[in-house]
Amino acid sequence: MNLRHITIALAAAAVCCTAAHAEAPAGYYNSLDGKKEGELKTAIHNRVTGFRLVSSYSALPDYFRVTDVYPESNRWWDMYSDIPLYAPSFKGLNREHSFPKSWWGGSTTVSAYVDLNHLYPSESAANMAKSNYPLGEVDRSSTVAFENGVSTVGYPVQGQGGGASRVFEPADEYKGDFARTYFYMVTCYQNLTWKWTYMVNQNVYPTLNNWSVQLLMKWHRDDPVSQKEIDRNDAVYSFQDNRNPFIDHPELAEYLWGDRVGEVFRLGEAPEPVGDAELETPVNGAVLEFGQVAEGATVTSKLLFKGTNIRGNLSLLIYRGDKDMFSIPVTTLTASQVNSEEGTWLTVSYKPTATGEHSARLLINGTGEDGNGSRGVELRGECLAKPVLSAPKATAATDITPTSYVANWTPAEGETVDYYIVTRTRYNDGLPTVEKLLAEDTSLLIEEFDLSDSESYTVRAVRLGVESPESNVVFVSHTGITDATADMPFEAFGDEGCIVVRSIVAVAPVRIYDVAGREVAYIAEVDGAYEIELPAGVYIVSAGRGTAPVKVSVR
């Protein structure tokens, strides 16, 4: 073991002993006391800058093995994808600057280049799709460029994006994580000159521009600090000797960009509310229904906490009945979160371990005038055996016009289906763009057909969150319907360990993609027969402009 690995192992041992709490060392934040607005932000900046740099950019996976794996597991904790990948292998992952390095010009000499407070492991396809786009909410009424169930990339809703063509929207459970990461970055690096200003201004305070303040504060309030962030903050501190103050003291964001701008920050002291304390929601005896869930699955639901003049923190506890099947990410909500204009959302998870009806109770303490009141919320769910689904049969598109067509399919006989996922693939110059659409019926109107040379679609059935195998592929061209056996200027078919591509005329270029849309082979021109060695799997082969792609399987 070399010296660097010895250092990391010792740090990991230290983290194991301290990760249960998020308290900074005594006096760590004393310099913030009594300050407000820009002076407060600069005090935070002075507190967190000048930290100890990690050994190198290439060594980041070694640090990630402490900061970004699930507890008691070797699975990487990837906030960009839910593909199960496991340490120590870093294959399929990238070192992701969540705050894009291009925004400060990409210099590798800036401390941000190796600052663990905003560096996370990311599955490579999601990382590539995210690019250097700003955070934002994706307009799902228009084309979604990328979506994998955790990360979404697409056009921003009105008023967001700061002029960027697309935005990156993380899953709800990580929106607060990214918001607090960005709060840290625009504070720690407030003196940088920004090359890209989608979310920032060229100033020390407030640095964030108006639209990004509104977005990030909303995410910060709706997704409170989780145990994951607390543990990671402690782990990063063990390596760098600095912390993210917006995890230790989430109320700081309110003093800089939220409801308490203009107020003086007092360390450990919250302003005493004026007026009667009232927790407006949830009401006592409310029921949070999770509905039917497949065995082995996990579903989440959200509960709004909103109050007026709440004096102290609310403590949360799940008890009674099937309490082990329900969980919450935090056991405390602060008064500032609950008293805020929009309140705060608590995510509750239901992970049944047996079939049948289940219930538990969420106890909320601290709701009264003297901080001693309590109320309860009933948690209910039903677990059914995991369904076994057959693939639907995709059928020919109908009602084809220059701008639209109707995708069709036939469900498997006798199976109950909640909804369908239609995977639409557009081809422009042979390049695919994948979009997932939801449908409740057995057909779906596909619009903006005029924006692609040709298209294809497949269908999956979904019941209780379980997806069926994928259907056959139907290709749609502007001259009608094609499929994998239609006559084309070229032909491609799978063989053992390879794909064979043949053409009697010169065709250029030929590209081969895996089912995730990643290009795995490129041939500038095909004139004759070629063999391309590939692992077993399903691939899409496209050739030239306007030619229908071909789906092939390698054995």
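The values are calculated or read from the model by the stated rules, or taken from the named source; none is laboratory data. Keep in mind that this is a model prediction, so the values were computed, not measured. Here Cβ is always computed from backbone atoms with ideal geometry, including for glycine, and neighbour counts include all displayed protein chains. Areas reflect the complete protein model, heavy atoms only, side chains present, ligands, DNA and RNA absent. Shrake-Rupley method; radii C 1.70, N 1.55, O 1.52, S 1.80 Å.
Considering region 225-238 alone, what residues qualify as being surrounded by fewer than 21 Cβ atoms within 10 Å (Cβ to Cβ) and part of a loop (DSSP other than H, G, I, E, B)?
Hit for region 225-238 is SER226, nothing else.
Being under 26 Å from the mean Cα position of the chain (by Cα) and either touching a residue at least 40 places away in the same chain (Cβ under 8 Å) or closer than 16 Å to GLY366 by Cβ (or both) is the filter here, so list the residues in region 320-335 that pass it.
Within region 320-335, MET325, PHE326, ILE328, PRO329, VAL330, THR331, THR332, LEU333, THR334 meet the criteria.
Restricted to region 284-308, and to residues that are among the β-branched types (Val, Ile, Thr) and open to solvent by less than 60 Å² (accessible area, probe 1.4 Å), which residue is nearest to LEU362 (Cα to Cα)?
If we take residues in region 284-308 being among the β-branched types (Val, Ile, Thr) and open to solvent by less than 60 Å² (accessible area, probe 1.4 Å), then VAL299 is nearest to LEU362 (Cα to Cα).
Report yes if some residue within region 402-417 is within 30 Å of the chain's Cα centre (by Cα) and within 21 Å of VAL541 (Cα to Cα); otherwise report no.
no
Please count how many residues of region 112-148 are hydrophobic (A, V, I, L, M, F, W, C) and without any contact (Cβ under 8 Å) to a residue 60 or more places away in the chain.
Result for region 112-148: 5.
Just name the residue that is surrounded by the fewest Cβ atoms within 10 Å (Cβ to Cβ) out of those in region 418-443 that are under 24 Å from the mean Cα position of the chain (by Cα) and of a type in the set (A, V, I, L, M).
LEU438
Output the residues belonging to region 43-75 that are part of a helix (DSSP H, G or I) and more than 17 Å from ARG232 (Cβ to Cβ).
ALA43, ILE44, HIS45, ASN46, ARG47
Report yes if some residue within region 205-218 is without any contact (Cβ under 8 Å) to a residue 24 or more places away in the chain, outside any helix (DSSP H, G or I) and not hydrophobic (A, V, I, L, M, F, W, C); otherwise report no.
Taking every residue of region 205-218 in turn, none turns out to be without any contact (Cβ under 8 Å) to a residue 24 or more places away in the chain, outside any helix (DSSP H, G or I) and not hydrophobic (A, V, I, L, M, F, W, C).
Which one of the conditions (1) over 27 Å from VAL69 (Cα atoms); (2) in contact with a Leu (Cβ under 7 Å, 6 or more places away or on another chain) does TRP211 fail to meet, given that it meets all the rest?
Looking at each condition in turn, TRP211 falls short on (2).
In region 204-213, which residue that is open to solvent by 10 Å² or more (accessible area, probe 1.4 Å) and touching a helix residue (DSSP H, G or I) at 6+ places or on another chain (Cβ under 9 Å) is nearest to LEU333 (Cα to Cα)? Outline the logic, then answer.
At the first step, the residues of region 204-213 found to be open to solvent by 10 Å² or more (accessible area, probe 1.4 Å) are 204-206, 209-211, 213.
Filter again for touching a helix residue (DSSP H, G or I) at 6+ places or on another chain (Cβ under 9 Å), leaving 204-206, 213.
Values: VAL204: 30, TYR205: 28, PRO206: 26, VAL213: 22 Å.
Looking at residues that are open to solvent by 10 Å² or more (accessible area, probe 1.4 Å) and touching a helix residue (DSSP H, G or I) at 6+ places or on another chain (Cβ under 9 Å), I get VAL213.
If a residue has to be within 23 Å of SER111 (Cβ to Cβ), in contact (Cβ under 8 Å) with a residue 60 or more places away in the chain and open to solvent by 10 Å² or more (accessible area, probe 1.4 Å) to count, how many in region 55-88 make the cut?
4
Answer yes or no as to whether ASP487 is among the charged types (D, E, K, R) and modelled with pLDDT under 85.
yes
Considering GLY480, GLY537, GLY544, GLY497, which residue is modelled with pLDDT under 85, of a type outside the set (Ser, Thr, Tyr) and surrounded by fewer than 17 Cβ atoms within 10 Å (Cβ to Cβ)?
Details: GLY537 fails: modelled with pLDDT under 85; GLY544 fails: surrounded by fewer than 17 Cβ atoms within 10 Å (Cβ to Cβ); GLY497 fails: modelled with pLDDT under 85.
None of the others qualify; the one that does is GLY480.
Filter region 509-527 for residues that are open to solvent by 50 Å² or more (accessible area, probe 1.4 Å), outside any strand (DSSP E or B) and either β-branched (Val, Ile, Thr) or modelled with pLDDT under 80 (or both) and give the result.
VAL515, ALA516
Condition check: in contact with a Lys or Arg (Cβ under 6 Å, 6 or more places away or on another chain), open to solvent by 40 Å² or more (accessible area, probe 1.4 Å) and under 27 Å from TYR205 (Cα atoms). Does ASP241 satisfy that? Reasoning before the result, please.
On the way: in contact with a Lys or Arg (Cβ under 6 Å, 6 or more places away or on another chain): yes; open to solvent by 40 Å² or more (accessible area, probe 1.4 Å): yes; under 27 Å from TYR205 (Cα atoms): yes.
It is true that ASP241 is in contact with a Lys or Arg (Cβ under 6 Å, 6 or more places away or on another chain), open to solvent by 40 Å² or more (accessible area, probe 1.4 Å) and under 27 Å from TYR205 (Cα atoms).
At pLDDT 95 or above, not hydrophobic (A, V, I, L, M, F, W, C) and not in a helix (DSSP H, G or I) - does that describe any residue in region 17-34?
The answer is no, given that none of the residues of region 17-34 is at pLDDT 95 or above, not hydrophobic (A, V, I, L, M, F, W, C) and not in a helix (DSSP H, G or I).
Quick one: THR458 ticks every box in (1) part of a strand (DSSP E or B); (2) open to solvent by 20 Å² or more (accessible area, probe 1.4 Å) except a single one, so which number is it?
(2)
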